[in-house]
Structure formats: structure tokens, C-alpha cells
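Undergrad: The structure under discussion is supplied below as C-alpha cells; questions concerning it will follow.
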Amino acid sequence: MSDPNARPVLTTTAGAPVADNQNSISAGPRGPLLLQDYQLIEKLAHQNRERIPERVVHAKGSGAYGTLTVTHDITRYTRAKVFTPGSQTEVLLRFSTVAGERGAADAERDVRGFALKFYTSEGNWDLVGNNTPVFFVRDPLKFPDFIRTQKRHPATNMRSPTAMWDFWSLSPESLHQVTILFSDRGLPQGYRFMNGYGSHTYSLWNDAGERYWVKFHFKSMQGIRTWTNKEANEVIAEDRESAQRDLYEAIERGDYPRWRVCVQIMPEAGAEKTPYNPFDITKVWPHGDYPLIDVGVLELNRNAAHYFAEIEQASFSPSNIVPGIGFSPDKLLQGRLFAYADAHRYRVGTHYEALPVNRPRCPVHHHHADGAMRFDAPRGTDHYYEPNSFGGPVEAPSVKEPPLRIDGDADRYNHREGNDDYTQPGNLFRLMTPEQQQHLFNNIAAAMQGVPRFIIDRQIEHFRRADPAYAAGVAAAIGRIHTAPASAPTTAADVGQQAAD
Ligand code: NDP
Ligand code: HEM
């Protein structure tokens with residue numbers, strides 16, 4: 001037992017010592033209370049402000065710090081200092097599920113977020129990826145619609161399988177990601193047992209000004225481990241924080257999770273030659289054409305000390321890149337370049353990047369000084385604008401990205417026209433073992449319970465176009481699993497009832 005006299009005195013936020021932290025000030029022993037009891041008011045008022053809006057997607061998550069160790073030389077592709085051979089860079093990695101709210105159970109079938117912040121010597125590089133190499137939509141105009149189908153129905157306040165399958169069956173570009181989601185990999189045993197992917201095509205550029213297109217891969221060195229639906233239900237019944245617990249406890253006992261970091265590289269001109277659009281996030285680059293190149297090892301080795309400060313307030317944005325790393329024409333990526341920093345300014349606050357978890361580990365010089373939450377005092381100077389005659393930071397032309405040639409008329413191009421949405425999902429289906437295929441059929445059939453027949457039929461046609469055996473397997477599983485014939489819901493309440501079934 002420590003000496004109570006050695007403990008610091010409790011204070012108000014203004015630093016004044018608190019004499020009594022058990023009893024409010026009342027007029028007589030029975031009350032009422034006095035408005036002058038500022039200690040009470042401060043406690044209640046702070047409690048009212050202890051939450052910030054949760055992330056609109058990826059609200060439930062877990063994070064930890066670690067290091068990227070570069071073991072291989074890719075400096076011929078990029079001048080980014082984070083890829084200096086032999087170097088180590090501190091990272092923060094936040095995992096998440098997508099659809100559930102902050103209190104959702106971890107062991108749910110869903111895509112997992114894999115958001116990395118590399119605190120490099122040239123600024124923060126955020127690679128905000130998932131545990132899947134592809135995504136459901138390829139145009140950011142469709143992202144809010146897609147997310148609505150994953151969230152709660154406006155009338156029933158329940159999730160709606162009808163909305164999900166309606167949207168997916170009307171958006172064939174989703175088939176690749178849907179196939180992954182309902183495969184074994186759609187339900188990882190924990191964050192340590194899954195791969196991560198940058199998913200988008202990004203770019204690298206070197207000192208000679210040459211550009212390469214790149215995809216980032218993080219291959220779990222713990223191996224892939226997944227739950228079946230039944231196993232996951234049993235896990236959730238016992239423990240809603242199974243992935244959080246697994247990650248936290250592994251790091252506490254020194255069993256640090258690691259991922260092999262790899263890239264796929266395509267020369268800039270190569271993008272004209274692939275039979276698919278290499279900037280389409282619903283497509284992978286086949287390993288046979290673009291083999292994985294080793295870069296290094298990512299290790300997580302330190303838990304956060306304060307979850308709210310360090311994980312809830314962690315603010316990742318694909319717009320955070322560093323010299324030697326660039327974007328690509330990928331339309332979905334372009335939309336994301338706006339969305340994240342906008343979310344942070346709203347959700348966390350104007351100066352979110354000055355918070356300890358987000359603050360770059362290199363010097364920061366900019367003129368965005370004023371606004372809510374300025375909690376340090378920059379020295380007043382005469383060079384608070386640029387250009388000026390009095391000193392201060394100046395631009396660095398040496399880090400200018402090489403120009404990118406683009407062409408074409410500005411228009412709204414139909415991204416569903418002439419786009420092969422079936423070959424790659426079919427390839428994935430065909431590389432599964434018969435047992436894995438059977439799991440896929442069963443998982444899809446289970447998720448389609450209560451969905452109107454015309455939507456199921458529309459979706460089965462997509463499966464058929466990927467592979468006739470895919471469609472036949474799902475149809476057979478529906479015949480086995482569905483207890484009642486699917487019918488068209490007539491009211492919102494019907495939809496909700498079906499979602500609950
Ligand atoms: P390969 O045989 O070289 O690679 C197959 C890949 O599929 C491996 O990366 C494997 O991951 C992964 N995989 C296996 N089962 C699943 C699953 N249920 N969900 C997601 N990924 C899985 O083939 P190709 O490169 O020619 O690609 C064939 C298909 O594999 C693609 O159409 C795509 O669907 C899928 N895929 C391809 C990736 C790529 O970047 N090329 C990446 C991930 C999937 P692991 O090595 O960890 O076992
Ligand atoms: C979180 C938007 C596509 C991965 C978010 C957030 C928004 C958002 C607004 C919440 C940010 C916050 O409040 O902190 C979008 C839009 C997309 C898109 C508009 C498409 C146009 C994607 C894709 C991926 C992805 C394709 C993966 C490849 C993530 C991850 C998070 C996230 C991992 C959680 C980050 C964290 O842990 O804080 N997204 N997203 N998103 N998104 Fe996206």
C-alpha cells in the first residue's frame with residue numbers, strides 16, 4: 001500500500017485543490033444543491049463531452065504501435081526515405097470492422113480495416129487499407145449508397161439483408177468483394193490472423209523522376225485463421241471483444257504479431273497494356289503477371305496507454321503521402337482523398353493533426369495556426385504568411401512529383417459498360433477447395449434468408465457468369481437452408497422482420 005501522503009492532491013481543471021470529492025454542497029444535509037458547487041458542475045459538464053462522434057464507418061476497432069523494418073532494397077522505384085534499406089519507422093496500425101457501431105461484436109462477418117500511419121522522417125504516410133485486395137464499388141459516387149445498405153434500415157432500425165443483396169445484385173462490380181466476404185476469409189479469428197492490403201493502386205517515383213504503379217500487401221506471419229459462422233456465434237456469446245482481447249494480450253505477453261510487407265510493381269507505361277483497368281479497385285493484379293516483391297517486416301509491439309487519446313482520436317487519411325509515394329487515377333481513391341480529412345475536422349477538430357497520436361515525428365512548419373483547440377503557443381513572428389520578406393519556411397522544389405500525362409473529355413463515363421466483373425471473382429472461386437466452396441455457398445445462402453426471390457435470382461445470375469458451379473452451389477444451399485419460400489416484402493416492417501429472422 002503506497003503512502004497516501006505521497007499521492008498528489010486532486011484538483012479542478014484550473015488546478016485548484018479539491019477538499020471533498022464525495023459530497024456536493026447542499027443547503028442543509030437533505031439538499032437542495034447550490035449552483036456555486038463548481039466542482040460538481042465541472043464533473044457533470046465534462047462527462048457530457050466525453051464522446052466524439054464515432055467514425056461513420058469502421059467505428060469498432062483496435063490499434064497498436066509498432067515498427068516497419070525495411071529488409072530489401074526498392075530504392076530503384078522510390079525515393080521515399082521510409083524505404084531506406086535497413087531503416088526502422090514507427091507505425092500505428094488500427095484494425096476495425098466496417099459496418100457495426102462502436103459497441104459491435106468483433107467476431108462478425110465483415111471486411112476488416114487495416115489502417116497504417118507511418119511516422120516517417122518526411123511526414124506521416126497513411127496507408128488506409130483493408131484485409132481484402134478489392135472493394136465493393138469503384139466510383140466514390142456509390143460509396144454512401146453502399147454504406148447505407150450496410151447500416152440500419154431507416155424505419156426498422158435493423159440491418160436489412162434485402163437492402164444489401166438488392167444493392168449488390170444491381171452493382172455487379174461488387175461480386176469480387178462479395179465472394180471474399182462470404183468465403184472463409186470473411187470472418188477472421190482475430191486481427192493477427194489476416195492479411196492487409198493497400199487495395200488501391202498507388203504510385204512510387206524515384207530520384208530520376210520515373211513513376212511506377214504499386215500495390216501494397218501485408219501477409220500475416222501468424223497464418224490465416226478463420227471462424228465458421230457457428231464458431232463465431234459461440235465466440236460472440238462469450239466475448240464481444242475477441243479480436244481486441246487477442247491483439248492486446250498477444251502484445252502484452254511479448255508475442256508480437258508480424259506481417260511480411262510486399263509490393264507489386266507495374267512500370268508507368270504498363271497501365272496501357274493490361275486487359276483490365278489497373279486503377280479499378282474491384283480488380284487485383286494477378287501474381288503471375290506482377291509477382292510480390294519483398295520490402296520488409298511490420299511488427300506490432302506496443303499497446304496504447306490511453307485508448308481514447310491514441311486510438312479513438314487516431315486520424316488516418318489516404319491523402320497523407322510523402323515524397324516518393326503518390327496517388328493514381330483510381331476514381332475511388334480520388335474520392336477518399338477528400339473524405340477522410342473532412343471527417344477528422346468534423347469528428348475530432350480543426351487541429352486534429354497536432355494531437356500526440358497524429359502529430360508527425362518530424363518538424364512541421366505551416367501557417368494554419370488559429371482555430372479551436374490551439375493548445376500550444378507558436379512564437380509570434382512577422383512571417384505568418386508566404387511569400388514574405390522576413391524569413392520562415394519556404395517550398396522545396398526538389399520534392400515535386402513527376403508530371404502525369406492524362407487525356408480524355410470530361411464526362412460521366414458508364415463504369416459498368418465493357419467492364420469484366422466476372423473473370424477475377426471466377427478465378428477466386430476456382431482456386432478454392434471443394435470444402436471452401438461449400439462454405440461459400442452456405443454462407444451466402446444463410447445471409448440471403450428472407451431476401452425477395454427476384455433479388456436472389458438476379459444475384460445468382462452474377463454467380464453464374466463468374467462460374468456456373470458457383471451459381472449451382474448457392475442455389476442448392478438455398479434449397480437446403482431456407483426454411484420458407486422467399487417472398488417480396490411489402491412494407492418496411494416486413495423488411496425489418498426478415499432482417500431479424
Ligand atoms: P494466386 O494463386 O497467385 O493467388 C491467390 C491469392 O488468393 C493468394 O494471395 C491467396 O492469399 C488469396 N486467397 C486465397 N483464398 C482467398 C479468399 N478466400 N479470399 C481472398 N483471397 C484469397 O492467384 P492470382 O494472383 O492469379 O489471383 C487469383 C485470384 O486470387 C484473384 O482473382 C483474386 O480474387 C485472388 N487474390 C489475388 C490477389 C492478388 O493480389 N493477385 C490477392 C488476394 C486474392 P494467401 O497467399 O494469403 O493464401
Ligand atoms: C474509415 C470514407 C473507401 C478503408 C472511413 C471514414 C470515412 C471513410 C469517412 C471515417 C474516417 C474517420 O472518421 O476517422 C470512405 C469513402 C470511400 C471509402 C468515401 C470510398 C469513396 C474505403 C476503402 C478502404 C477503406 C476502399 C480500404 C481499401 C477505411 C478504413 C477506415 C475507414 C480502414 C478506418 C480508419 C481508422 O481506423 O480510423 N472511410 N471510405 N475505405 N475507411 Fe474508408
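The values are calculated or read from the model by the stated rules, or taken from the named source; none is laboratory data. No experiment lies behind these values; they were computed from the predicted model shown. Reconstructed Cβ throughout: ideal geometry from the backbone, glycine too, with neighbour counts over all protein chains shown.
Undergrad: Just checking, does the range 359-381 include any residue being under 21 Å from the mean Cα position of the chain (by Cα), surrounded by 11 or more Cβ atoms within 10 Å (Cβ to Cβ) and outside any helix (DSSP H, G or I)? Give the derivation first.
TA: In the first step, residues of the range 359-381 are kept if they are under 21 Å from the mean Cα position of the chain (by Cα); the result is 359-360.
Those still in the list that are surrounded by 11 or more Cβ atoms within 10 Å (Cβ to Cβ) too: 359-360.
Now narrow it down to the ones that are outside any helix (DSSP H, G or I): 359-360.
Looking for residues that are under 21 Å from the mean Cα position of the chain (by Cα), surrounded by 11 or more Cβ atoms within 10 Å (Cβ to Cβ) and outside any helix (DSSP H, G or I), one finds at least one in the range 359-381, hence yes.
Undergrad: Which pairs turn up if I take residues in the range 398-418 that are more than 27 Å from Ser174 (Cβ to Cβ) and look for partners that are among the small types (Gly, Ala, Ser) and modelled with pLDDT of 95 or more with beta carbon separation below 7 Å, at least 6 apart in sequence or on another chain?
TA: From residues that are more than 27 Å from Ser174 (Cβ to Cβ), the pairs are Glu401/Gly326; Pro402/Gly209.
Undergrad: While we're looking at this one, here's another question. Against the conditions (1) in a strand (DSSP E or B); (2) in contact with a Lys or Arg (Cβ under 9 Å, 6 or more places away or on another chain); (3) closer than 23 Å to Cys362 by Cα, where does Pro323 fall short? Just the number, please.
TA: (1)
Undergrad: While we're here: Could you tell me which of the residues Glu173, Glu210, Glu231, Glu238 is of a type in the set (Asp, Glu) and either surrounded by 19 or more Cβ atoms within 10 Å (Cβ to Cβ) or within 12 Å of ligand 1 (Cβ to nearest atom) (or both)?
TA: Values: Glu210 fails: either surrounded by 19 or more Cβ atoms within 10 Å (Cβ to Cβ) or within 12 Å of ligand 1 (Cβ to nearest atom) (or both); Glu231 fails: either surrounded by 19 or more Cβ atoms within 10 Å (Cβ to Cβ) or within 12 Å of ligand 1 (Cβ to nearest atom) (or both); Glu238 fails: either surrounded by 19 or more Cβ atoms within 10 Å (Cβ to Cβ) or within 12 Å of ligand 1 (Cβ to nearest atom) (or both).
Being of a type in the set (Asp, Glu) and either surrounded by 19 or more Cβ atoms within 10 Å (Cβ to Cβ) or within 12 Å of ligand 1 (Cβ to nearest atom) (or both) holds for just one of Glu173, Glu210, Glu231, Glu238, which is Glu173.
Undergrad: Count, please, the residues in the range 316-334 that happen to be under 16 Å from the mean Cα position of the chain (by Cα), buried (at least 17 other Cβ atoms within 10 Å of the Cβ) and not aliphatic (A, V, I, L, M).
TA: 4
Undergrad: Give me a count of the residues in the range 324-359 that are more than 8 Å from ligand 2 (Cβ to nearest atom) and charged (D, E, K, R).
TA: 5
Undergrad: Next question. For the range 476-493: of the residues being assigned to a helix (DSSP H, G or I) and of a type in the set (Gly, Ala, Ser), which is modelled with the lowest pLDDT? Steps first, answer last, please.
TA: As a first pass, look at the range 476-493 and keep what is assigned to a helix (DSSP H, G or I): 476-481, 492-493.
Still in the list and also of a type in the set (Gly, Ala, Ser): 476-477, 479, 492-493.
Numbers: Ala476: 98, Ala477: 98, Gly479: 96, Ala492: 48, Ala493: 42.
Taking the candidates together, the pick is Ala493.
Undergrad: In addition: Any residue at all in the range 451-464 that is farther than 19 Å from Ser174 by Cβ and of a type outside the set (Val, Ile, Thr)? Quick ask: steps written out before the conclusion?
TA: Looking only at the range 451-464, we keep the residues that are farther than 19 Å from Ser174 by Cβ, and these are 453.
Restricting the remaining residues to those that are of a type outside the set (Val, Ile, Thr) gives 453.
Yes, some residue in the range 451-464 is farther than 19 Å from Ser174 by Cβ and of a type outside the set (Val, Ile, Thr).
Undergrad: With respect to the numbered conditions (1) in contact with a helix residue (DSSP H, G or I) (Cβ under 9 Å, 6 or more places away or on another chain); (2) outside any helix (DSSP H, G or I), which one is the sole condition not fulfilled by Leu116?
TA: (1)
Undergrad: State which residue pairs qualify: first residue in contact (Cβ under 8 Å) with a residue 60 or more places away in the chain and more than 29 Å from Thr84 (Cα to Cα) and inside the range 322-344, second residue basic (Lys, Arg) and away from ligand 1 (no atom under 16 Å from the Cβ) in any location, beta carbons under 8 Å apart, and separation of 6 or more residues or different chains.
TA: Ala343/Arg55
Undergrad: Something else: Quick one: count up the residues across the range 269-312 that are out of contact with any strand residue (DSSP E or B) (no Cβ under 6 Å at 6 or more places or on another chain), among the charged types (D, E, K, R) and either surrounded by 20 or more Cβ atoms within 10 Å (Cβ to Cβ) or within 27 Å of Arg94 (Cα to Cα) (or both).
TA: The qualifying residues number 4.
Undergrad: Can you confirm whether the range 250-258 contains a residue that is assigned to a loop (DSSP other than H, G, I, E, B) and buried (at least 18 other Cβ atoms within 10 Å of the Cβ)?
TA: At the first step, the residues of the range 250-258 found to be assigned to a loop (DSSP other than H, G, I, E, B) are 253-257.
Retained after the next criterion (residues that are buried (at least 18 other Cβ atoms within 10 Å of the Cβ)): 257.
Yes, there is a match, as at least one residue in the range 250-258 is assigned to a loop (DSSP other than H, G, I, E, B) and buried (at least 18 other Cβ atoms within 10 Å of the Cβ).
Undergrad: Out of the range 335-344, which residues are of a type in the set (Phe, Trp, Tyr) and under 14 Å from the mean Cα position of the chain (by Cα)? Explain how you work it out, then say what you get.
TA: Taking the range 335-344 as the starting set, the residues that turn out to be of a type in the set (Phe, Trp, Tyr) are 338, 340.
Answer for the range 335-344, where residues must be of a type in the set (Phe, Trp, Tyr) and under 14 Å from the mean Cα position of the chain (by Cα): just Tyr340.
Undergrad: Let me ask something else. Without any contact (Cβ under 8 Å) to a residue 12 or more places away in the chain and either away from ligand 1 (no atom under 16 Å from the Cβ) or assigned to a loop (DSSP other than H, G, I, E, B) (or both): does that describe Pro144? Full working, then the answer.
TA: Values: without any contact (Cβ under 8 Å) to a residue 12 or more places away in the chain: yes; either away from ligand 1 (no atom under 16 Å from the Cβ) or assigned to a loop (DSSP other than H, G, I, E, B) (or both): yes.
In short, yes.
Undergrad: Failed condition for Asp246, given (1) in contact with a Phe, Trp or Tyr (Cβ under 9 Å, 6 or more places away or on another chain); (2) charged (D, E, K, R); (3) in a loop (DSSP other than H, G, I, E, B), with all others met?
TA: If we test Asp246 against (1) in contact with a Phe, Trp or Tyr (Cβ under 9 Å, 6 or more places away or on another chain); (2) charged (D, E, K, R); (3) in a loop (DSSP other than H, G, I, E, B), just (3) comes out false.
Undergrad: Hey, among the residues in the range 194-215 that are closer than 13 Å to Ile265 by Cα and of a type in the set (D, E, K, R), which one's nearest to ligand 2 (Cβ to nearest atom)?
TA: By that ranking, first place goes to Lys215.
Undergrad: For Gly66, indicate whether it is in the same structural domain as Gln244 (by TED's automatic domain parsing) and in a loop (DSSP other than H, G, I, E, B). Break it down stepwise before answering.
TA: Details: in the same structural domain as Gln244 (by TED's automatic domain parsing): yes; in a loop (DSSP other than H, G, I, E, B): no.
So Gly66 does not fit the description; no.
Undergrad: Moving on. Restricting to helices (runs of 4 or more DSSP H) lying wholly in the range 401-475: which have 2 or more residues that are more than 12 Å from ligand 1 (Cβ to nearest atom)? First the steps, then the outcome.
TA: Values: elements: 423-431, 434-447, 453-466.
Those helices (runs of 4 or more DSSP H) span 434-447, 453-466.
Undergrad: Just need a number here: residues in the range 147-189 that are outside any helix (DSSP H, G or I) and within 15 Å of ligand 2 (Cβ to nearest atom). Spell out the reasoning first.
TA: Quick first cut of the range 147-189, residues outside any helix (DSSP H, G or I) only: 151-160, 171, 182-183, 187-189.
Checking which are within 15 Å of ligand 2 (Cβ to nearest atom) leaves us with 151, 171, 188.
Looking only at that region, the number is 3.
Undergrad: How about the range 1-17: which of its residues are farther than 18 Å from Gln47 by Cα and surrounded by 10 or more Cβ atoms within 10 Å (Cβ to Cβ)? Don't jump to the end; show me each part of the working.
TA: The initial filter retains those residues of the range 1-17 that are farther than 18 Å from Gln47 by Cα, namely 1-9, 15-17.
Answer for the range 1-17, where residues must be farther than 18 Å from Gln47 by Cα and surrounded by 10 or more Cβ atoms within 10 Å (Cβ to Cβ): just Ala16.
Undergrad: Tally up the residues in the range 257-292 that are more than 9 Å from ligand 1 (Cβ to nearest atom) and within 26 Å of the chain's Cα centre (by Cα), please. Talk me through it step by step, then tell me what you get.
TA: Initially, the range 257-292 is screened for residues more than 9 Å from ligand 1 (Cβ to nearest atom), giving 257-263, 265-282.
Keeping just the survivors that are within 26 Å of the chain's Cα centre (by Cα) gives 257-263, 265-266, 276-282.
Number of matching residues: 16.
Undergrad: Now for a different question. Mind listing whichever residues of the range 217-243 are touching a Gly at 6+ places or on another chain (Cβ under 6 Å) and outside any helix (DSSP H, G or I)?
TA: To start, the set of residues in the range 217-243 that are touching a Gly at 6+ places or on another chain (Cβ under 6 Å) comprises 218, 243.
The one that is touching a Gly at 6+ places or on another chain (Cβ under 6 Å) and outside any helix (DSSP H, G or I): Phe218.
Undergrad: Name the residue that is surrounded by the most Cβ atoms within 10 Å (Cβ to Cβ), counting only residues in the range 74-113 that are under 21 Å from Val134 (Cβ atoms) and either polar (S, T, N, Q) or free of Cβ contacts under 8 Å to residues at least 40 places away in the same chain (or both).
TA: Within the range 74-113, the match that is surrounded by the most Cβ atoms within 10 Å (Cβ to Cβ) is Ser96.
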